[in-house]
1. Report the full-extension gain for the segment residue B:771 to residue B:118: residue separation times 0.36 nm, less the Cα-Cα distance, to one decimal in nm.
2. Quick one: Debye curve from the C-alpha atoms of the protein assembly as shown, no solvent, what's log10 I(q)/I(0) at q = 0.07, 0.08, 0.09 Å⁻¹?
3. Distance between Cα centroids, the range B:457-525 to the range B:747-811: provide it in whole Å.
4. Springs between alpha-carbon pairs under 10 angstrom, Gaussian network model over chain A: which of A:84, A:132, A:221 fluctuates most?
5. To test your reading of the geometry: what angle, between 0 and 90 degrees and rounded to tens, separates the Cα axis of helix B:485-496 from the longest principal axis of chain B?
6. Is there a simple number for the mean count of other chain Cβ atoms within 10 Å of the Cβ of residues in B:1033-1040, and what is it?
7. Over all distinct Cα pairs, what is the inverse of the mean 1/r for the range A:61-214, reported as the Kirkwood hydrodynamic radius in Å?
8. Just grab the label-to-label distance for residue B:1026 and residue B:266, each label 7 Å out from Cα along the Cβ direction, in nm (one decimal).
């Protein structure tokens, strides 16, 4: 519609390699002869690494005990029976006896594991108020709607901490006793219940609301604890640095797991004689059995584990490396076959001509 | 409007009434035009409407709305809205930039100057200020600002010439003549006193029709026809000035009425992509349904919900609610950024086309221009090429090239000396003089009293006298204006040889033969018609003898030769040679008449011109009676010069398995000539000529030919099919069509001649539907607009004056030969680029979002997301946005040189095997496998939540971030695997994307609570980035994913080497020429090569007479027939010794 379209020349940019699409470029062409050595090298490297990882993981000790109390499995079954069908279950305690034939190399960490517990369920996972947990007074009074039905108590008070996650806080507790000599007295092994949460959680993400007249209790005045809790949040621990929203048990629980079987850190054993690990001898774990898992066909276990540079025991990565390494070698051989065959064929053809 | 309505309602049956010199009563549309899409105010609503009418965008809008429902969205309320806004803003900017250009172009046109009569004086005003009823004056060379009725002109008989190439693509000048009643009105006074009205039809788009009536006061009404109408967009030529009354302005002009918006074309790839998006949408629905069923099953298993989840007021069990949740969860399977990525990629591809120096015609400084960018990849798939002839294959410049006089050929110099073919074809259109006839032998023979001297003299005299050309003297230069380019070439050729045609008077012509002035009295002009194929002129020579000069087709001249005629055999051989070269030949002959013969004939002639019934026929019979017993002088050969490199380009395109059809409005002879000279036809190729006058005859001849072909029908044969417009009309009848197409598609070359613009479009349409292949039409004139718009891809030849084809095309190039690069390089590249980009976008989205499905399996189908919500939305916008761009912009399958050297490589993109639904499924399955690995490997790695050195346990997002990182790495490396050509941008995109994510990850995890986003990300970065598992997985997980891709690619490249791999290998090893044996090793390509480059000779025995196996005839001649003024009248109306009437507007006031 215009007769001026020919006058475009002036707008042309400089005649560069970019505009003429002649930028220098690398043109890789994958073929058997090129990938063949790559596969072999990668395969060997992976197998080497895999062996290292596998042995490294095998060197980590782990001791687990399922104390759910299915009938006929240790003395926790009494508690399990007692709690059957009753909510809230009555307080109950049971014990787990075990002995170590040799030193359980430290540092030793105590974990609890729950199975079939869907912390990753969406409605469970969103049922929390991170603003409230970061100590914002306004959020303390007005929890977000996601917390429903644990947003306001029956009396209309805001629940602190609100939401289903907080409400379902794991409330079993454990104490470890060591019998140094056979038939000697049991001595309590000190469990360090601090330093079990991520640094950022404990220092940044979870904050108590500002104290009122120097008292945490007053700061929480006008709020209700979650319905399943027996104590308000500010009485979770007598230690002022470990109570309220920054109680480390609570903080650990609030980090919801990815899979329905998950572990949470309960305590570290690193004090006194036990800093190097658990010496040989008999042990008893006293368990306060509160947490109902049978309702959802769950199990709960107690795990002692040592921790190395790669964390806890998990041979999977080592095995994966070994498998992938072998796969690479295998593919390498396939490449070799392909290479030889087609090399010959090409040569033949050239001879024919 | 109401005013106009009431006008119509008055006593006039016709559309509009224009009152002369009463500007206030003429209220019609303005003359300013706007081709822009938006105005300042309409932009937002119109733009949003256009955007949301795209299905994908509407889908994302729908998702955004869904997300606003409380508790439905697992990903928050704004996570789709924000990327959608980003994308809308980006394409909005693109639209604004493009529309701004259109506004500027309109402004340029609207503010051109023209002269009109206002307040009894000539005033210079802008085009947009011209109104209906204005009297406009235009001078030579000007474009006309509006449609107007011619009042008077500077020329004799108030004629004027206009170039209509802008409108109809025809390059010969058109004659327009004013009504005799107005022809004398030339002064301001006369014009100002003009009163009356013009009634004419409503605006329409027919160029060649106009019906109006002029009512001058106190005179009887006079009817106005198309011969009085000058249209906007035409250019005044060879005419000092004209005066006209504006009748249609602005959008109501025929030019603008024709300039309809080109139909929106969608490329095949785009259609396939839409199908693929649909497939993905189905996948999305299936996944959502599966997840819903899973949710029901999960809830069922627990009968009641587990106690810890807590009861809620909402009814969470509803199936519909779950479905919405899952649709939102998985909606990103459909790549939100695909459309905008493609838009930008294609825009840049278009820029590359515009910037290409190889397609820059330096002669007129015109670059190639991609007028749309959405067909870039279609250029890589063309299978049928429909080409116009005039102005496309040829320059439309005729040059007198060779001649044969008295059995001796002259002008063979260039072909004798060096590379004849090269000299012939590579002549660029714009350098003219050097390529004209230049053979000193002719003049030597003439001057040295060679035995043939007299013949030479007679031959050149004939060229000077026997024509309808009008000379124009400017100083010492004589230029010729002719409606027939052939005649102009001959006269110019004669002039160069010293026989100069100087003066035309109504009854005589004067020539200067070697300095000697000779005047021939013209007695009669025996007009040319395509039926007669000759024109003759009867003159009285200066010596007083009567002589008839004739030039015409060999066939008609030869049958009229007297038995005394010499050199018949030699000339015939020469004619054949000329024809083989594709030259247009004419035979020239003369006969001396006796006075008695002439007198007798004159009586007959006078009778014939008074006959009313069948005058044409009677006249022709009359002419025929005197055109006999010719004495042959020789033959001329005119080169209808091809554009540069046309034969090479055609050969190359044929090798690329592109079938070329020539569709021309020109004559059959001319088309055949050109086909020979551009190597579409070769000497031995049998030519099936279909010329029939009725449906039955057409049907019969077509089926006869089909039978003769037998089993060869449907295969590609070394045959040529030539059909004319009239026969084509019958051949496209429903019952014959199929048969005809079968025949046509079995021929290597198809020439369709004498086609109307509509037929051109029709045949393209028919082929397009029949073969389901991509078609491309290329042309330069308005008569090609139809086919340019109909074909999948329309290419216009730009740079000539006619811009209509360009303006309706998708791509404009300056030369036919640029088509080679446009298709073979840009087309193939763009196809690879766009398809890879699309497949990759699908792949990367499927990989990331299927992971949510795997996660749903372990989270009880609750709709929980494993990644942080903003990370999900930024995936397409930031972290993996660069690789699609580098694939789409910089990917190269191999170098430009290789693509041009091995046109067979075009087959890869042409067949479209690398992009269809099947490929998408393979890609999807690949992506699903990858996502499976990408979820389950990290999930197993982190199974016990105990991977941190400090013994801390981890959460779901920790796993999510592992997976997300591995996804980004895998997806970027996969892009690297797909990339065949890594330049610096590719490296930046691939490694940069990974770095950007890692950087973002580190920063983003430390924002809360300072910035209130992503509380769940707090501390993730500092924990994950120091975790040994993270880095161990960083290497192994992407490698596990890609190992099979690498292995598969290497095996395929080794076992099944295609030509592409050979060429690539050769390129990387730096060898310049592919060894012959290695070409042959790739058998598939070799077959293709053989088939397209050297088709099997055709061994069909044709049993019908429509097939021409003999040597070609070279006759061709173009001349306007049945114009307003007959050839004789035209010749009689000029007296070039007189000056034209002086300008009447000396007092024009210029503003």
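We did not get these values from a lab; they are worked out from the coordinates using the rules stated. Here the structure is a predicted model, which means the values were calculated and not measured. All Cβ positions, glycine included, derive from the backbone under ideal geometry; neighbour counts span all protein chains shown.
1. So the extension gain works out to 229.2 nm.
2. So the normalised log intensities are -0.91, -1.06, -1.24.
3. Centre-to-centre (Cα) distance: 38 Å.
4. Between A:84, A:132, A:221, it is A:221 that shows the largest mean-square fluctuation.
5. 60 degrees
6. So the per-residue partner count for this stretch is 4.
7. It works out to 19.3 Å.
8. 5.5 nm
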